[in-house]
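Chemist: Please find one structure pasted underneath; my questions will follow.
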Amino acid sequence: MCKQDGFRKLSARYGGEFAALMKCSCYKGPVIFFDLRLSHLEALKIPDPEEKIMPLIEMLDFFIRGYEQMNSFILCDDVTLCRFYSTSQICKLLSTKAPKPEFMWHNVFPMAEYHSFVSNDVHSNFPLSEWYARYGNAFSCMHFREIPKSYFKYGKEIVGVENYFPEIMYFLMENIKNEYYPGVIYPCLYKTERSVPGFQPKVVYWHRDVEPMVWSEDKIPKGMLYPHATR
């Protein structure tokens, strides 16, 4: 979507709304939700929320892609505006049939499409770029045509993607950690280090005994445009 200059222009107009949205966003299990539903924007006392949705989506897209912020979900009333960001391998597992029948229950988004963002160092080699985007561990964005309203776990109905999707991602990432999917890499919290000076990414396991990630404004390095999640 937007580039650096576009983000700065949008920030000049919607910086307050963006800051309010970021402040109330945190990891719910292994997924961070950015809630752009009208009811939530109204609760944040954002004026004319319908007009702010698309600019905020553009700003979030720039931020998430800039950091390659794993397992980010932009949640909107309009399903076609919802976005999920993770690795291409995880997006593929969520949108295609699993290799083993016992792992097929996480195939919840069969109608979704995902688009991979290949790194600059492979752009010059088209065959490598195509392979990297399709089969590699590239950072990706999933676009939805439909999202189930509820999901059944052990016979119990869980309503709302913001409630059942973290459960599915726990299951999926546990299987990745246990190497049940050959060649699928467990993602670090941030996949890139180039956008965050001085920050080195590391693998973080999202387990139930680990406190959720939260946005911490007091730990933002000086000169940085955006906040980043810290433990």
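Chemist: Out of all the residues in segment 144-160, is one or more in a helix (DSSP H, G or I), open to solvent by less than 70 Å² (accessible area, probe 1.4 Å) and in contact (Cβ under 8 Å) with a residue 40 or more places away in the chain?
Modeler: As a first pass, look at segment 144-160 and keep what is in a helix (DSSP H, G or I): none.
No, segment 144-160 has no match at all.
Chemist: I've got another one for you. Only one of LYS52, LYS28, LYS45 is of a type outside the set (Ser, Thr, Tyr) and in contact with an Asp or Glu (Cβ under 6 Å, 6 or more places away or on another chain); which?
Modeler: Working: LYS28 fails: in contact with an Asp or Glu (Cβ under 6 Å, 6 or more places away or on another chain); LYS45 fails: in contact with an Asp or Glu (Cβ under 6 Å, 6 or more places away or on another chain).
Within the list LYS52, LYS28, LYS45, the selection yields LYS52.
Chemist: Which one of PHE126, PHE117, PHE139, PHE199 is within 24 Å of TYR27 (Cα to Cα), modelled with pLDDT under 65 and either surrounded by 14 or more Cβ atoms within 10 Å (Cβ to Cβ) or of a type in the set (A, V, I, L, M, F, W, C) (or both)?
Modeler: On inspection, the qualifying residue turns out to be PHE199.
Chemist: A further question follows. Can you tell me which residues in segment 77-87 are open to solvent by 10 Å² or more (accessible area, probe 1.4 Å) and hydrophobic (A, V, I, L, M, F, W, C)?
Modeler: Scanning segment 77-87 gives VAL79, LEU81.
Chemist: Let me ask something else about it. Just to verify a result, which residue in segment 1-57, among those that are in a strand (DSSP E or B) and in contact with a Pro (Cβ under 7 Å, 6 or more places away or on another chain), is modelled with the highest pLDDT?
Modeler: Going through the qualifying residues, I end up with VAL31.
Chemist: Could you list all residues from segment 39-75 that are open to solvent by 50 Å² or more (accessible area, probe 1.4 Å) and not polar (S, T, N, Q)?
Modeler: Correct list: GLU42, ALA43, LEU44, LYS45, PRO47, ASP48, GLU50, GLU51, MET54, GLU58, ARG65.
Chemist: Could you tell me whether any residue of segment 78-87 is closer than 22 Å to ILE158 by Cβ, assigned to a helix (DSSP H, G or I), out of contact with any Pro (no Cβ under 7 Å at 6 or more places or on another chain) and of a type outside the set (Lys, Arg)?
Modeler: yes
The values are calculated or read from the model by the stated rules, or taken from the named source; none is laboratory data. Given the structure is predicted, the values throughout are model-derived calculations rather than measurements. With ideal geometry, Cβ positions are generated from the backbone for all residues, glycine too; neighbour counts draw on all protein chains shown. Protein only, heavy atoms only, side chains kept; ligands, DNA and RNA dropped before computing areas. Shrake-Rupley method; radii C 1.70, N 1.55, O 1.52, S 1.80 Å.
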